[in-house]
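Everything below concerns the one structure shown next.
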Amino acid sequence: MHEFRDTQRPVTIVLAVFRPDQSQLTAQIQSLRAQHHPISNLVVVIADLLSAGMVREDTHGGGWTVDIVIPDVETSSFKSFELGLQRAIEVSPETALIGLCDQDDIWHVNKIAESVQRLEASDVSLVHSDARVVDANGKEIVASLFKMERRLVSSDPRALLLRNCVTGMTTLFTRETAAASLPFPSQSALFFHHDLWLALVASVLRGISFINTPLVDYRQHCGNVVGAVTARDRPPRVFSKAWAAHWTGTYSVATYLAKSLYLRIQEITEAGTGAADGSKVGRLSPYLTRRGLGGRFVSDGAAWLARGRATFACQSAMFGVVQMARMAWAVDKCLRSGTLASLATFDAKAFAIAPGAQPGHVETAGSREPEIWRASSFQDRRTARRFDIKVDPFLGGRILILIPSLNPSEVFAGIATAIDIGLGLARHGHRIVFVATDLPIASHERSHAFIRARFGAGGNSQCPDFEMFCGVTNDMLVLSAHDRLIATAWWSAHVADGVIRDADLDNPQFYYLVQDFEPGFYPWGGEYTGALASYDLDFVPIFNTSLLRDYFRGLGHVAPGLVDFTFQPSIDIARYAALTRAEKKVRRMVIYGRPEVSRNLFPLAVEGLDRFLNSASIAPHEIEVLSVGLKHPDVSLNNGHRLRSLGKIPWDDYPDFLSSVDVGLSLMASPHPSHPPLEMAAAGARVVTNLFANKDLGALGPQILSVSPTAKNIARALTRAWTAPAPSADERHIDLSALGRPLGDVVADLSVHLSQTPIPIAKAG
């Protein structure tokens with residue numbers, strides 16, 4: 001057995017999951033767990049929106065920190081890895097290495113260790129290895145993927161553009177490489193794989209190194225996104241229409257990637273965030289010329305033929321033929337529209353046929369068998385209790401708060417509010433049990449210390465004791481018949497209802513912390529109906545803001561009851577209102593930009609902003625237009641303006657940043673008021689936001705302009721906000737009492753209600 005030099009260099013793995021076969025996913029996770037070099041962070045992107053429960057079960061106990069990313073809608077493998085790398089960069093230190101993982105392969109135990117050693121020894125940006133090809137049952141098909149596909153080992157970007165030799169799940173690369181690759185080039189008109197783009201970026205940074213040993217079992221089955229390619233997977237018949245379309249499309253993809261790579265390297269070089277090998281960047285020149293005649297490709301083809309690489313020679317020669325055809329077509333049209341315009345038209349037509357068909361998979365006895373889907377892969381495991389329960393008649397009554405996660409790194413606004421309610425009830429003498437329903441507790445000590453610190457932040461030196469229970473890893477939850485349950489998400493509402501029924505608790509109702517209309521998070525489908533069905537259960541509502549309460553009443557989901565547990569947003573308005581406005585030379589307009597979150601209406605915000613800049617007489621040097629929220633590519637706007645994305649602002653820097661904002665644009669298609677518009681307004685900005693149902697934040701202060709969500713209305717409101725004087729000190733004070741009572745007062749009333757003999761609250765219907 002090899003002796004590995006353990007550098008303990010942190011390694012983050014990005015795993016993309018889409019409706020996996022559970023046994024294959026479990027086998028892959030086990031192979032990650034068995035690595036000689038330990039994994040520090042595991043980032044999992046749930047691309048199908050259904051497999052989160054399965055993943056949480058399988059990834060528990062690996063000694064790593066698990067970070068699960070769940071997009072709002074089902075997404076592609078390409079987009080999944082992009083989202084995963086974004087999160088990996090956020091959670092990984094500068095020295096970390098990052099690798100990609102498929103859901104159905106098997107990593108050899110030395111995969112990471114060998115890769116780390118090679119990368120550090122060769123000082124390159126990316127290493128990759130050979131793979132053993134196996135069937136669906138793990139039986140060997142071919143001992144070497146590289147030999148089967150006759151791959152050329154190369155770190156030359158020109159060779160990679162002809163034929164990618166880097167397979168994503170065999171890679172390990174630097175954090176710098178991941179950062180330089182993001183965002184991935186758009187695939188709106190072209191289809192290519194994420195590993196090719198990563199390989200290209202790495203090739204012009206510090207290069208690529210190949211490990212000529214299979215370190216992964218590459219599983220082939222009919223569910224593969226990309227299968228191994230054999231000699232039978234050839235281009236269409238020569239001189240046919242399909243043949244011409246194939247090579248034109250292939251050339252278009254290669255040209256697009258070469259241009260994208262060239263521009264990306266320019267960006268990172270100018271920004272001073274990285275350096276590229278100039279000689280390798282220069283090798284992209286045949287793809288960058290506007291008027292190329294194809295001669296360079298033809299000479300490359302001759303060179304490849306001399307080296308005995310007939311396939312590469314053919315590919316390069318065909319690229320030359322396409323380039324010559326491109327010029328011939330343009331010459332025919334140039335008298336009417338000009339050469340460059342004609343070439344642009346040709347490129348547009350070529351891009352339109354570029355996507356083509358994905359390569360097929362290897363036909364084996366195993367892969368020819370009909371695929372069988374498991375029913376469990378379609379079940380939303382979040383709604384199913386994963387622990388047994390029993391009732392202890394001698395156990396005193398407690399408050400059980402069902403929370404998705406208790407890991408500090410995964411605690412955001414909604415979870416934090418639920419924890420604060422639990423701590424508030426603890427102050428009133430209740431025994432509190434925080435039950436983690438979705439993710440394993442990575443460290444009980446860290447989570448316990450985190451919760452105690454939140455209690456102390458409220459000015460209390462003595463935190464009452466509380467319990468923590470992991471509903472993912474613990475087998476048995478012991479209950480009292482007098483226990484009360486508080487659900488904090490729609491799926492935990494189903495869990496709470498089931499626990500009450502199965503354990504026959506005294507109170508037939510659970511308490512439901514409602515912080516948004518959660519069906520609106522999903523398109524019409526299983527999750528939408530599951531969230532909607534949670535409002536038909538027997539519960540006592542606790543509403544985050546009166547706006548949300550009134551919205552639910554209007555829909556008939558709850559009826560006015562004898563008690564009203566409605567609290568105002570947990571925003572320290574006084575903190576923002578006391579900020580001293582930052583002095584600056586250029587006025588600043590900021591939008592809350594989260595393109596991946598549909599309810600934040602990013603396309604509408606950009607269109608409204610673009611209309612405003614088109615009509616306003618504002619030069620680019622007179623305004624700074626920024627986007628905060630989630631990192632995304634910059635956006636080119638009218639009249640030479642550019643929307644620059646900053647991504648997430650660190651919490652400690654957030655107040656100072658808000659003090660520099662003159663005009664804010666924050667949209668959300670939800671009855672619940674999001675925090676950014678209120679925070680911006682309190683910090684002294686004029687804010688444009690949208691009306692929704694009964695939500696009108698403009699009623700809270702004259703500096704908030706609430707309009708119907710159309711681009712025209714947003715543009716007009718931005719004009720009003722831009723031309724209006726800065727808000728006065730009085731205007732910056734926002735009275736949140738219109739949205740509910742202070743959380744502490746509501747918790748006090750809730751404590752009394754929990755202590756009394758429960759009286760069912762009347763529900764609608």
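Computed 3J(HN,Hα) for the range 510-518, one whole-Hz value per residue from the Karplus formula 6.51 cos²θ - 1.76 cosθ + 1.60 where θ = phi - 60°, is 9, 9, 10, 6, 9, 10, 5, 7, 5, glycine and proline marked x. Each other residue within a Cβ distance under 11 Å of F510 adds +1 if Lys or Arg and -1 if Asp or Glu, for a net charge of -1.
Calculated from DSSP H runs of 4 or more alone, at -39500 (n - 2.57) each and per residue, what is the 222 nm mean residue ellipticity of the chain, nearest 500?
Details: 26 runs with 293 residues, N = 765.
Mean residue ellipticity, 222 nm, calculated: -11500 deg cm²/dmol.
Full extension of the chain segment joining S708 with L305 gains 138.7 nm, where the gain is 0.36 nm per residue of separation less the Cα-Cα distance.
Separation of the range 112-144 and the range 591-615 by C-alpha centroid, Å? So the separation of the two Cα centres works out to 43 Å. Rounded to the nearest 20 debye, the dipole size of the chain about its Cα centre is 3020 debye, using +1 on the Cβ of Lys and Arg and -1 on the Cβ of Asp and Glu.
Can you check what the net charge comes to around A302, using other residues whose Cβ is under 12 Å from the Cβ of A302 (Lys, Arg +1; Asp, Glu -1)?
Residues near A302 contribute +2 overall.
Taking a threshold of 25 Å on the Cα-Cα distance, which of the pairs K79/K648; K79/K695; K79/K631; K584/K648 fall above it? Distance filter (> 25 Å) returns K79/K695. Projected label points at V153 and A328, each 7 Å from Cα along the beta carbon direction, are separated by 4.0 nanometres.
Taking the number of Cβ atoms within 10 Å of each Cβ as an exposure proxy, the fewest-first ranking of W107, W524, W722 is W524, W722, W107. Taking Lys and Arg as +1 and Asp and Glu as -1, the other residues whose beta-carbon sits under 13 Å from that of L477 total -2.
In terms of other Cβ atoms within 10 Å, D610, D572 run from fewest to most in the order D572, D610.
Once a ≥ b ≥ c are taken as the square roots of the eigenvalues of the Cα gyration tensor of the chain, is the result rounded (a/c under 1.5), prolate (a/b larger than b/c) or oblate (a/b not larger than b/c)?
Details: a/c = 2.16, a/b = 1.41, b/c = 1.53.
Cα axes put the chain in the oblate bin.
Once a ≥ b ≥ c are taken as the square roots of the eigenvalues of the Cα gyration tensor of the range 11-231, is the result rounded (a/c under 1.5), prolate (a/b larger than b/c) or oblate (a/b not larger than b/c)?
On the way: a/c = 1.24, a/b = 1.14, b/c = 1.10.
Here the range 11-231 falls in the rounded category.
Based on Cα contacts under 8 Å between residues 6+ apart, the range 11-231 shows a relative contact order of 25 percent.
Each residue of the range 573-584 is assigned a 3J(HN,Hα), and the resulting list reads 4, 4, 4, 6, 5, 8, 5, 7, 4, 6, 8, 8 Hz, derived from the Karplus form 6.51 cos²θ - 1.76 cosθ + 1.60 (θ = phi - 60°), x at Gly and Pro.
Note on Q8 and H675: with the Förster distance fixed at 35 Å, the Cβ-Cβ geometry gives a FRET efficiency of about 0.35. For the chain, relative contact order (Cα pairs under 8 Å, six or more residues apart, normalised by length) works out to 10 percent. Of all aspartates and glutamates in the structure, those lying under 13 Å Cα to Cα from K280, and not within fewer than 8 positions of it along the same chain, are D156. In the chain, the longest principal axis of the Cα atoms and the axis of helix 444-457 are about 50 degrees apart.
Sorting E445, E90 by the number of Cβ atoms found within 10 Å of their own Cβ, with the fewest placed first, yields E445, E90. Helix 194-204 and the longest principal axis of the C-alpha atoms of the chain enclose an angle of approximately 60°. For the range 419-436, backbone phi angles converted through the Karplus equation (6.51, -1.76, 1.60; θ = phi - 60°) give residue-by-residue couplings of 4, 5, 5, x, 5, x, 5, 5, 4, 8, x, 7, 7, 10, 10, 8, 10, 7 Hz, Gly and Pro being listed as x.
No value in this document is a laboratory result; all are computed from the given coordinates. Keep in mind the model is a prediction, meaning the values are calculated, not measured. Positions of Cβ are generated from backbone atoms using ideal geometry, with glycine treated the same way; all protein chains shown enter the neighbour counts.
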